[in-house]
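Single-structure report; data block below.
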Amino acid sequence: MLQYSLNNGATWSRLGNIGEGLEWYNQGSVISQPGGYSIGQEGWSGKDADWRTARFNLDFLRNESSVRFRIAFGSVAFNGNRGSSEGFAFDNIWIGERKKLVVMEHFTNASKSENEEADNYVNILTADNAIDVISLHYHTDRPQVTALNLDNTADPSARSQYYGISQTPRAVLDGNFFNGKSTDWNQNHLKYRSLVEPLFDIDINLPNTSIDQVEVNAVISALSPFNDEIVVHIAVVEEEFFMNNGKIYKNVVKKLLPDGAGTSIMETWQKGSSKSIHVNWNVSKMYGEGRPLKVIVYVQNNNTKEILQSKYVYSTAKRNSIPTSIQDDYKTLLPQKIQVFPVPSSKEVNCVFSTPLEQDYFWKVIDLRGIIMKKGSLVSGTSELVIDTSVFPEGIYFLQLASDHNDYAVRKIIIKH
């Protein structure tokens, strides 16, 4: 087994468990007890005629000032003929940065409450693991057509059919590694896939992108020989915006270029060979306030559906101007004026209405990742709302209020302790 020490070798701990990395340990009960483990004797054991490549995520050690590694070996008394058992070897030990960026495709629909929970789950996981994963959200027409689906009907439909998805919420991780309910995958799936050695490299250039147009030059280069058909997908994504229902939506696919089928390439790749793809798109309806669009390029094996590599850049296309100050009326369709104070806030936020509410409302406070920090309801006749923010981390949040009659408001909150 492989062990590590954080105190210059005074004590040692086993690095990882079975299944936590690529080819990481193959035996759950090594009777020779390598490293002195009387229980939990996990390690590599048995006979093998070929070299194996094992990989493990070391992120949990990134802030340590000193780390030592060692290989612990154990053997037992041996009776009889050894046969072909000739010992063991470790070769090409490497510590470095991961190169694989995992693609998470999330299929959702704004009309379904279950999808809102799934959206939050996906947003949290992808935000917490942003170094390893890129997220694409397709707004489908199931169970019903929504405004976001009408903006782009063809691409969510094409990707749904490609993966055999007939309902939401569903998620697909790296094409063929996971295909199931959007809340059934977790960080371990990401860690595993991020350790895979990519077979292709991607270079993205946006040569003549203007405020209302995206032009993409993508160069796909082989890092190893490859002879299956690949499909190159180029996605234009709006990273975050509000809708008139008071909700925040993230990583919405605005367009797949040239279309939902992508660009097919069928040829024999040698290491170092490359292929260029050029596409452009006139930016259509956007909801965000002048935020740059994200351009994502990913390479997929069309036979196995495995996504082999991905990369993204930001485009300057944005149509609207970026706001430079916090406005009191960020968005509103409420008949009442709303005053939110103090700014910044610390222990609590006060929300005062100019006249009592004329109907019931739901409210929630969300952070910049779209995570709900607190929520509640207001009955008709309410004139003030006080929210305890004493445990909120410092930062920017949004207070959203909405009724069943499409009245809504969004206010920005700043917390500083």
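The values are calculated or read from the model by the stated rules, or taken from the named source; none is laboratory data. Being a predicted model, the structure only gives us computed values, none of them experimental. Heads up, the Cβs are rebuilt from the backbone with ideal geometry, glycines too, and the neighbour counts pull from every protein chain shown.
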Is it the case that the range 165-181 has a residue that's surrounded by 14 or more Cβ atoms within 10 Å (Cβ to Cβ), out of contact with any Cys (no Cβ under 6 Å at 6 or more places or on another chain) and part of a helix (DSSP H, G or I)? no
Give me the residue from the range 364-410 that is of a type in the set (Phe, Trp, Tyr) and modelled with pLDDT under 90 and, out of that set, farthest from Asn251 (Cα to Cα). Tyr408
Which one is surrounded by the fewest Cβ atoms within 10 Å (Cβ to Cβ), of the residues in the range 96-152 that are free of Cβ contacts under 8 Å to residues at least 24 places away in the same chain and part of a helix (DSSP H, G or I)? Ser113
State whether the residues of the range 40-62 include one that is at pLDDT below 70 and either farther than 25 Å from Glu197 by Cβ or in contact with a Pro (Cβ under 8 Å, 6 or more places away or on another chain) (or both). yes
Inside the range 221-274, counting only strands (runs of 3 or more DSSP E) that do not spill past its ends, which hold 2 or more residues that are closer than 14 Å to Lys294 by Cα and either touching a helix residue (DSSP H, G or I) at 6+ places or on another chain (Cβ under 7 Å) or not assigned by TED's automatic domain parsing to the domain that holds Tyr361 (or both)? 230-242, 248-257
Out of Val232, Val219, Val236, I need the residue that is modelled with pLDDT of 95 or more, farther than 27 Å from Ala127 by Cα and not acidic (Asp, Glu). Which one? Val219
Those residues of the range 198-208 which are under 18 Å from Leu22 (Cβ atoms) and over 19 Å from the mean Cα position of the chain (by Cα) amount to Leu199
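Yes/no matrix, rows are residues, columns are (1) crowded, with 20+ Cβ neighbours inside 10 Å; (2) in contact (Cβ under 8 Å) with a residue 40 or more places away in the chain; (3) polar (S, T, N, Q); (4) under 25 Å from Asn176 (Cβ atoms):
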{"site": "Glu197", "(1), (2), (3), (4)": "no, yes, no, yes"}
{"site": "Ile204", "(1), (2), (3), (4)": "no, yes, no, yes"}
{"site": "Pro207", "(1), (2), (3), (4)": "no, no, no, no"}
{"site": "Ile211", "(1), (2), (3), (4)": "no, yes, no, no"}
{"site": "Ala218", "(1), (2), (3), (4)": "yes, yes, no, yes"}
{"site": "His233", "(1), (2), (3), (4)": "yes, yes, no, yes"}
{"site": "Val236", "(1), (2), (3), (4)": "yes, yes, no, yes"}
Considering only residues that are of a type in the set (Asp, Glu) and modelled with pLDDT of 90 or more, which ones fall in the range 143-157? Asp155
